[in-house]
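Taking it in order: structure first as structure tokens, then the write-up.
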Amino acid sequence: MTQSETEAQETLTNAQGVEAVIVSQDVEKWYDNGFHVLKGVSLNIYKGEVVVIMGPSGSGKSTFIRTFNALEPYQKGKIEIDGIEIAHDLKNIEAIRREVGMVFQQFNLFPHLTVLQNVTLAPIWVRRWKKSKAEEIAMRLLDRVGIREQAYKYPGQLSGGQQQRVAIARSLAMQPKVMLFDEPTSALDPEMVREVLDVMRNLAKDGMTMVCVTHEVGFAREVADRVVLMDEGMLVEENTPEAFFNNPKEERSQKFLSQIL
Amino acid sequence: MTTISSRPADTKPPQNQTSPLTWVRKNLFNNIFNSILTIVLVIIIGLALRGLVLWIFQGAEWAVVTNNVSLFMTGLYPRDLYWRAWLMLGIVVALAGFTWGVVGRNLGSLFSRNVLMGLALAALLIMLLPITRPNAPRLIAYEALTVAMAWLGQQAGRKFSGLGMKLSIGWFASYFVLLYLLAGGDVRASVLYFVGMIAVSAIAGWQLAARVSLLPKLGLFEKILLFLVGFIATYLVLWYGSWLLGVEVGLDRASTSKWGGLMLTLLLAITGIALCFPVGLLMALGRRSQLPIVRGLSIAYIELIRGVPLISILFMGQVMIPLFLPEGTRPDRIVRAIVGLTIFSSAYLAENVRAGLQSIPRGQTEAAQSLGLNTPLTMSLIVLPQALKVAIPAIVGQFISLFQDTTLLGIVGLVELLGITQSILANPSYLGDYAEGYAFIAAIYWVFCYAMTYGSRRLETSLNNELR
């Protein structure tokens, strides 16, 4: 990254709220069985920002971030990614997904491809990069997440923490404008949580825009710019991490924190 | 501070080596009941084996097989055209050897002790068995050809990478060459016909690739132009080229009614397998499609065909279609047979592939989509490779069924391996030699089916790399 680019990114980050990457307004969603899972959620994500979404299970937080790359359709409201509205007929869907990276709870690596192939697949087939260029960038990313030496192994040969780091590298390879993390550490053994959080922490430090659904309080305190609590398909509280964890505004937040802290 | 002292050095698992005698005592004679059971079973198996061996070497009248080998192999194929059958076998053998070499290009030596012993055993059997003895020199020459081609294939495989793709094209092309050798006729017309077919499939392939946005899309005009230019150019070269050179082109026609025996069985099975796979794949994808019409048609096709016995489809093809279509417009009866087999097997294959598709977790599709891959790419790069791998045993099982189902065509009047056997056994001079005739073809069917099973197992292990 050249110096001017770094500076440009920094100025945008500092002037918080100047440019929104994700704009969502009154998003409502019903499941096929009629369950009202999102009841008018509005949340804007600004460039360079790290937003942590917390909430009890079943509160709709995963479903909410999955609407950002159209993995979940929604019925009412509006979502704009980088100025492009997610149309309900899903016409511009691939263009949007290219700009939004996603890391899943279950990693979802492609087991029939090597680590390197996992990372280069989308750049080669979607971005149409040459194989050599894609591999070079992929190796740099694998280096960044600390698993360069595993490049030629298959996902099944790696530990959970390593797999999740490959998944992060795979998403980064598309050079997304925003990264979504859907409980990235929930399926990991305790001793592997740290290595994944370290990678995410570095990512945040480098100025990546991130939306994380997670229960990691330490991570939220240290890295997040904003913490959002969701419950029963609604936003309960939106606050800075200090305020959220030390003296939350809402009674519901206090109750939630008393259960997890 | 306490330390864990004297941590034992890495030890090997205890080895319980048992001599065969102790194994027998432990597993077969560990109590009175098992001892009696063992003895009784040994006696029964021994008697059965003795009976079988005695029958094979003394009781059986193998003349019915040895006198009719060429009938079993090629049916009523004209005797003066046998050289074409031999040529076909030679091409297959050479290609197979070459493929073997290319596949084993990274082995230190292609001819390990086991392989050499197998080759020697094959040569010995060729010389000793009464079925192969008359043609022993030629068959051993073919064996030598296989070995030579394998060696060549290994050298070539080491030198040029990416030979595998070209090899599959070679097999594909050889199918048409073999078909031409089998059928004969004007080579120019045949070539023109295949050029037409290849041009059509090339354009279709281009179209498919363009859907995945690999290549620029072709307009209708460009497609027609491309096709016509290719076709006319081939036509001019073939007709005027051969006329200028003054050569007679083409082999004698061998009518399809003369095709028979193992040759016909293999033709039916290979063509059926090659056709039913893509059809079944499309039907499986269609059944999972989001588009209601595509899904409805796929379900209708699959459920309709699976509800009808194969023999009735074959009878329809052989007996009813000629009733409805006027003379001259009906397709050849072998084509009708292949279409029947394909229609039937593809419906079952579709269900096997669908089972494979369903075994792939939703997360795989979601991960691919979240990377920006469109539906065709997600299918072809992520879902299908995994689904087909899961479905290999079921798919190969379906192929084996198809191979065995070709015998039903013997019932509807084609002289494939079973059909020709029935005609041979109807000859009064071989009256009562049923056991010999059927045992012989049973062995042939077993060899081919076992080869398919073995191949599928090898394929599975070679694809199982991700769980090393």
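The values are calculated or read from the model by the stated rules, or taken from the named source; none is laboratory data. These figures come from a predicted structure and were not determined experimentally. Here Cβ is always computed from backbone atoms with ideal geometry, including for glycine, and neighbour counts include all displayed protein chains. Side chains included, ligands, DNA and RNA excluded: accessible areas come from the protein's heavy atoms. Shrake-Rupley method; radii C 1.70, N 1.55, O 1.52, S 1.80 Å.
May I ask you to verify whether B:R362 is under 18 Å from A:M102 (Cα atoms) and surrounded by fewer than 17 Cβ atoms within 10 Å (Cβ to Cβ)? Lay out the reasoning, then the answer.
Working: under 18 Å from A:M102 (Cα atoms): yes; surrounded by fewer than 17 Cβ atoms within 10 Å (Cβ to Cβ): yes.
Against the criterion (under 18 Å from A:M102 (Cα atoms) and surrounded by fewer than 17 Cβ atoms within 10 Å (Cβ to Cβ)), B:R362 qualifies.
Condition first: of a type in the set (S, T, Y), free of Cβ contacts under 8 Å to residues at least 40 places away in the same chain and more than 7 Å from chain A (Cβ to nearest Cβ). Now tell me which residues in segment B:363-398 satisfy that. Outline the logic, then answer.
Step one: of segment B:363-398, the residues of a type in the set (S, T, Y) are B:365, B:370, B:375, B:378, B:380.
Checking the rest, the ones that are also free of Cβ contacts under 8 Å to residues at least 40 places away in the same chain come to B:365, B:370, B:375, B:378.
Across segment B:363-398, the qualifying residues are B:T365, B:T375, B:T378.
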Q | Residues of segment A:100-117 classified as facing another protein chain (nearest Cβ under 9 Å) and either part of a helix (DSSP H, G or I) or free of Cβ contacts under 8 Å to residues at least 60 places away in the same chain (or both), total | A | 6
Q: State which residue pairs qualify: first residue open to solvent by less than 10 Å² (accessible area, probe 1.4 Å) and inside segment A:51-69, second residue assigned to a helix (DSSP H, G or I) and basic (K, R) in any location, beta carbons under 7 Å apart, and separation of 6 or more residues or different chains.
A: A:I53/A:K61; A:G55/A:K61; A:N69/A:R97
Q. Restricting to segment A:142-173, what's the tally of residues that are over 15 Å from A:N202 (Cβ atoms) and either acidic (D, E) or in contact with a His (Cβ under 6 Å, 6 or more places away or on another chain) (or both)?
A. 1
Q | Candidates B:L110, B:L81 - the one that is surrounded by 16 or more Cβ atoms within 10 Å (Cβ to Cβ) and in a loop (DSSP other than H, G, I, E, B) | A | B:L110
Q: Of the numbered conditions (1) part of a helix (DSSP H, G or I); (2) more than 14 Å from chain B (Cβ to nearest Cβ); (3) open to solvent by less than 10 Å² (accessible area, probe 1.4 Å); (4) in contact with a Gly (Cβ under 8 Å, 6 or more places away or on another chain), A:V199 fails exactly one; give the number of that condition.
A: (3)
Q: Please state which one of B:S456, B:S359, B:S429, B:S401 is small (G, A, S) and within 14 Å of another protein chain (Cβ to nearest Cβ).
A: B:S359
Q | Count - residues of segment A:163-179 that are more than 18 Å from A:Q105 (Cβ to Cβ) and facing chain B (nearest Cβ under 8 Å) | A | 1
Q.
Scan segment B:391-405 and tell me whether some residue there is of a type in the set (S, T, Y) and under 16 Å from B:R288 (Cα atoms).
A. no
**Q.** Evaluation of B:Q290 against (1) within 14 Å of chain A (Cβ to nearest Cβ); (2) outside any helix (DSSP H, G or I); (3) open to solvent by less than 60 Å² (accessible area, probe 1.4 Å) (one fails), failing number
**A.** (3)
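A quick yes/no check of all residues on (1) in contact with a Cys (Cβ under 6 Å, 6 or more places away or on another chain); (2) surrounded by 15 or more Cβ atoms within 10 Å (Cβ to Cβ); (3) modelled with pLDDT of 80 or more; (4) part of a loop (DSSP other than H, G, I, E, B):
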| site | (1), (2), (3), (4) |
| --- | --- |
| B:A173 | no, no, yes, no |
| B:L181 | no, yes, yes, no |
| B:Y193 | no, no, no, no |
| B:M197 | no, no, no, no |
| B:G205 | no, no, no, no |
| B:A209 | no, no, no, no |
| B:L214 | no, no, no, yes |
| B:I224 | no, no, no, no |
| B:F227 | no, yes, no, no |
Q | In segment A:147-162, the residues that are more than 14 Å from chain B (Cβ to nearest Cβ), closer than 17 Å to A:M192 by Cβ and surrounded by 16 or more Cβ atoms within 10 Å (Cβ to Cβ) | A | A:I147, A:G160, A:G161, A:Q162
Q.
Just to be sure I understand, how many residues within segment B:247-282 are of a type in the set (G, A, S), within 16 Å of the chain's Cα centre (by Cα) and surrounded by fewer than 19 Cβ atoms within 10 Å (Cβ to Cβ)?
A. 1
Q: List the number of the failed condition for B:A120; all other conditions in (1) within 23 Å of B:R105 (Cβ to Cβ); (2) at pLDDT 90 or above; (3) small (G, A, S) hold.
A: (1)
Q: Could you tell me which numbered condition A:E80 fails, if it satisfies all but one of (1) farther than 30 Å from A:S24 by Cα; (2) away from chain B (no Cβ under 13 Å); (3) open to solvent by 30 Å² or more (accessible area, probe 1.4 Å)?
A: (1)
Q.
Could you tell me how many of the residues in segment B:113-145 are open to solvent by 100 Å² or more (accessible area, probe 1.4 Å) and in contact with a Lys or Arg (Cβ under 9 Å, 6 or more places away or on another chain)?
A. 0
(Q) Being aliphatic (A, V, I, L, M), in contact (Cβ under 8 Å) with a residue 24 or more places away in the chain, open to solvent by 10 Å² or more (accessible area, probe 1.4 Å) and away from chain B (no Cβ under 14 Å) is true for just one of A:A220, A:A187, A:A204. Which residue is that? (A) A:A204
Q) Which residues, taken from segment B:309-324, are open to solvent by less than 30 Å² (accessible area, probe 1.4 Å) and at pLDDT below 80? A) B:P322
Q) Within segment A:83-98, can you find the residues that are open to solvent by 40 Å² or more (accessible area, probe 1.4 Å) and part of a helix (DSSP H, G or I)? A) A:E94, A:R98
Q | Residue list for segment A:122-146, filter: farther than 16 Å from A:D198 by Cα, without any contact (Cβ under 8 Å) to a residue 40 or more places away in the chain, among the hydrophobic types (A, V, I, L, M, F, W, C) and in a helix (DSSP H, G or I) | A | A:I124, A:W125, A:A134, A:I137, A:A138, A:M139
(Q) Can you find, within segment B:144-165, the residue that is nearest to B:M117 (Cα to Cα) among those that are part of a helix (DSSP H, G or I) and free of Cβ contacts under 8 Å to residues at least 40 places away in the same chain? (A) B:A144
**Q.** Pair list, Cβ < 7 Å and 6+ apart or interchain, from segment B:259-278 residues that are hydroxyl-bearing (S, T, Y) to residues that are crowded, with 22+ Cβ neighbours inside 10 Å
**A.** B:T265/B:T406; B:T265/B:E416; B:T265/B:L417; B:T271/B:I338
(Q) Here is a check on your reading of the model: is B:G419 more than 14 Å from chain A (Cβ to nearest Cβ) and crowded, with 17+ Cβ neighbours inside 10 Å? (A) yes
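What tally of residues in segment B:375-431 results from selecting those that are within 30 Å of B:Y77 (Cβ to Cβ), polar (S, T, N, Q) and in a helix (DSSP H, G or I)?
In the first step, residues of segment B:375-431 are kept if they are within 30 Å of B:Y77 (Cβ to Cβ); the result is B:396, B:398-431.
From what's left, polar (S, T, N, Q): B:398, B:401, B:404, B:406-407, B:421-423, B:427, B:429.
Filter once more, so that each one left must be in a helix (DSSP H, G or I): B:398, B:401, B:404, B:421-423, B:429.
The qualifying residues number 7.
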